Amino acid sequence: MNDIDTPVGNAGRRRGWAVVALLFLFMLINWADKAVIGLSAVPIIHELHLSHTEFGLIGSAFFLLFPVSGVIGGFVVNRIRTKPVLALMAVIWALAQLPMAGQVSLGLLLSSRIVLGLGEGPALPVALHAVYKWFDDKRRTLPTSVVITGAPFGAGIVAPLIVLIIVHYTWHVAFAALGVAGLLWTVAWLVVGREGAGGNAPVAAAPVAPISAAEPRVGYAGLIFSRTALGVFVAGFAAYWVLTLNVVWLAGYLIQSAGFTQMDVGWIVVLPALAQILLGPAVSFVSQRLSLRGVSNRIARGGLGGLCVMISGGAMLLMPMLSGRVAEIATVGVAFSVCGIIFPLGAALIGEITPAPQRGAMLGIMNSVQTVAGLIAPVVMGRLVDLGANAAAGFRNGFVMAGVFVLVCGLLGALLMHPDADRRRFAARA
């Protein structure tokens, strides 16, 4: 059976959006796998008798091989189809989670998270590369946003269900349930998933402009050190710092510093996820409309994305300073949601400046650079908590420092991103 489809007319559009729907679920499971460790933070710390620094190391262990596998996965899908690569990754996730159903030591938990990170590292760039085979540049922002919206669904919307499992059946069962979900998705993908022809074969009679694979190549050094890529890297690094603190430490902060219960946390973390789900497609749609109407993508994508990162940084800076539960919860919702807008906009910017044959690799490099934040942020926060007079004071110091850092990175990223200038420079060199 030929798994490569040429997206022609309404049938092509329906197939493309079917792929988007499956990859939305793919990212949902991906981020639920990340989030379960943070939602289980307090029982894991108590059961294994860990310090906050040691638990931070567990959170960071996930990202030890994550950036490396992200780059490798990007280069791999430049040469082979995305369908088998996505299936293999989902199987690795499942096999990494299932051993957590039994007795767990610190070493086993660390090993499981490292293997899980190895399998999940290429997830976003490979998924976006698969999507980009179905949509041309001016129509990629919205489907990109839909796929990326799977992340807040996995990290937040399903959190009450995960917490319910943790409270009533232990955290071990929660990990195993996610392993089973990964296996079920793999079966669905192998049956329904299709490969788009964009970037692999001529797109005959397509309803949109064809995605050309014949663009002149640009040296990877030129692409990586272009001002647009650097801006995307900086702003995305800061946003990933925020999202990593969300999935690893937000539950611990809300329980140990803000005084909420485990069940409270399961519902509170829905708020930033819900905000991401509403804001992501909405802002991406606005960005896409601006682009289609001729507004420079320096503003429509870069400026808008950098501003969103700055808003998250400012909210995080204020979060420990406010009193009252309503104010705390509202600020948490802003701090851990708005920054995520940079991911679909940044990916679209990388796709805009990169020739199609190199796009998978550049998306992998983008993802890997940004996710290095995940290797650093959990252990830094854990160390700051242990250095505080108590857990509450340590969390306050950690979030204030993180807020300042994210605010500055968002501003720098917005100033750097300039796709028109980079494309002109690449054309002149060619």
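The values are calculated or read from the model by the stated rules, or taken from the named source; none is laboratory data. All values reported here derive from a predicted model rather than from experimental measurement. Positions of Cβ are backbone-derived with ideal geometry, glycine not excepted, and every protein chain shown enters the neighbour counts.
Are any of the residues in segment 28-50 of a type outside the set (Lys, Arg) and over 25 Å from Tyr169 (Cβ atoms)?
Looking through segment 28-50, none of the residues is of a type outside the set (Lys, Arg) and over 25 Å from Tyr169 (Cβ atoms).
Between Ser296, Ser291, Ser323, Ser287, which is surrounded by fewer than 18 Cβ atoms within 10 Å (Cβ to Cβ), of a type in the set (Ser, Thr, Tyr) and over 30 Å from Leu254 (Cα atoms)?
Matching residue, one of Ser296, Ser291, Ser323, Ser287: Ser296.
Can you tell me which residue in segment 212-269 is farthest from Pro125 (Cα to Cα), limited to those that are among the aromatic types (Phe, Trp, Tyr) and in contact with a Pro (Cβ under 7 Å, 6 or more places away or on another chain)?
Trp267
Considering only residues that are hydroxyl-bearing (Ser, Thr, Tyr) and over 19 Å from the mean Cα position of the chain (by Cα), look in segment 238-286 and name the one that is nearest to His418 (Cα to Cα).
Tyr253
Could you give every pair whose Cβ atoms fall below 7 Å, whose first residue belongs to segment 17-32 and is in contact (Cβ under 8 Å) with a residue 60 or more places away in the chain, and whose second residue is part of a helix (DSSP H, G or I) and of a type in the set (D, E, K, R), counting only separations of at least 6 or pairs across chains?
Final answer for the pair search is Asn30/Glu120.
When you look at Ile92, is it modelled with pLDDT of 90 or more and either closer than 25 Å to Val192 by Cα or buried (at least 17 other Cβ atoms within 10 Å of the Cβ) (or both), yes or no?
yes
From the list Gly340, Gly374, exactly one residue is crowded, with 24+ Cβ neighbours inside 10 Å, within 15 Å of the chain's Cα centre (by Cα), over 19 Å from Thr149 (Cβ atoms) and modelled with pLDDT of 85 or more. Which is it?
That would be Gly374, the only listed residue that is crowded, with 24+ Cβ neighbours inside 10 Å, within 15 Å of the chain's Cα centre (by Cα), over 19 Å from Thr149 (Cβ atoms) and modelled with pLDDT of 85 or more.
Just checking, how many residues over segment 50-69 are outside any helix (DSSP H, G or I) and either crowded, with 23+ Cβ neighbours inside 10 Å or basic (Lys, Arg) (or both)?
Residues in segment 50-69 being outside any helix (DSSP H, G or I) and either crowded, with 23+ Cβ neighbours inside 10 Å or basic (Lys, Arg) (or both): 2 in total.
If you check Gly117 against the conditions, is it in contact (Cβ under 8 Å) with a residue 12 or more places away in the chain and within 20 Å of the chain's Cα centre (by Cα)?
Considered against the rule, which asks whether it is in contact (Cβ under 8 Å) with a residue 12 or more places away in the chain and within 20 Å of the chain's Cα centre (by Cα), Gly117 comes out as yes.
Taking the stated definitions as given, is Leu178 closer than 23 Å to Gly340 by Cα, of a type outside the set (Asp, Glu) and surrounded by 18 or more Cβ atoms within 10 Å (Cβ to Cβ)?
Considered against the rule, which asks whether it is closer than 23 Å to Gly340 by Cα, of a type outside the set (Asp, Glu) and surrounded by 18 or more Cβ atoms within 10 Å (Cβ to Cβ), Leu178 comes out as no.
Restricting attention to segment 415-430, which residues are modelled with pLDDT under 95, crowded, with 18+ Cβ neighbours inside 10 Å and assigned to a helix (DSSP H, G or I)?
Answer for segment 415-430, where residues must be modelled with pLDDT under 95, crowded, with 18+ Cβ neighbours inside 10 Å and assigned to a helix (DSSP H, G or I): Pro419, Asp422, Phe426.
Residues checked against (1) modelled with pLDDT of 90 or more; (2) within 26 Å of Thr82 (Cβ to Cβ); (3) of a type outside the set (Lys, Arg); (4) within 24 Å of the chain's Cα centre (by Cα):
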{"residue": "Thr6", "(1), (2), (3), (4)": "no, yes, yes, no"}
{"residue": "Gly9", "(1), (2), (3), (4)": "no, yes, yes, no"}
{"residue": "Gly12", "(1), (2), (3), (4)": "no, yes, yes, no"}
{"residue": "Phe26", "(1), (2), (3), (4)": "yes, yes, yes, yes"}
{"residue": "Asn30", "(1), (2), (3), (4)": "yes, yes, yes, yes"}
{"residue": "Gly38", "(1), (2), (3), (4)": "no, no, yes, yes"}
{"residue": "Glu47", "(1), (2), (3), (4)": "yes, no, yes, no"}
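Need a quick list: helices (runs of 4 or more DSSP H) entirely within segment 70-145 having at least 1 residues that are touching a Pro at 6+ places or on another chain (Cβ under 7 Å) and within 24 Å of Arg289 (Cα to Cα).
123-132
Go through the residues of segment 65-83 one by one and say whether even a single one is over 25 Å from Phe233 (Cα atoms) and out of contact with any strand residue (DSSP E or B) (no Cβ under 7 Å at 6 or more places or on another chain).
yes
Show the residue pairs that are 6+ apart or on different chains and have beta-carbon atoms under 7 Å apart, the first residue being within segment 215-226 and modelled with pLDDT of 85 or more and surrounded by 15 or more Cβ atoms within 10 Å (Cβ to Cβ), the second being in a loop (DSSP other than H, G, I, E, B) and of a type in the set (Val, Ile, Thr).
Pairs that qualify, where the first residue is modelled with pLDDT of 85 or more and surrounded by 15 or more Cβ atoms within 10 Å (Cβ to Cβ) and the partner is in a loop (DSSP other than H, G, I, E, B) and of a type in the set (Val, Ile, Thr), are Leu223/Thr354.
Phe426 - would you say it is over 28 Å from Lys138 (Cβ atoms) and of a type in the set (Phe, Trp, Tyr)?
Considered against the rule, which asks whether it is over 28 Å from Lys138 (Cβ atoms) and of a type in the set (Phe, Trp, Tyr), Phe426 comes out as no.
For every residue, the table says whether it meets (1) touching a residue at least 12 places away in the same chain (Cβ under 8 Å); (2) over 22 Å from Gly252 (Cβ atoms); (3) among the small types (Gly, Ala, Ser).
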| site | (1), (2), (3) |
| --- | --- |
| Gly154 | yes, no, yes |
| Ala159 | yes, no, yes |
| Ile165 | yes, no, no |
| Trp185 | yes, yes, no |
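Exactly one of (1) more than 24 Å from Arg383 (Cβ to Cβ); (2) buried (at least 19 other Cβ atoms within 10 Å of the Cβ) is unmet by Val265. Its number?
(1)
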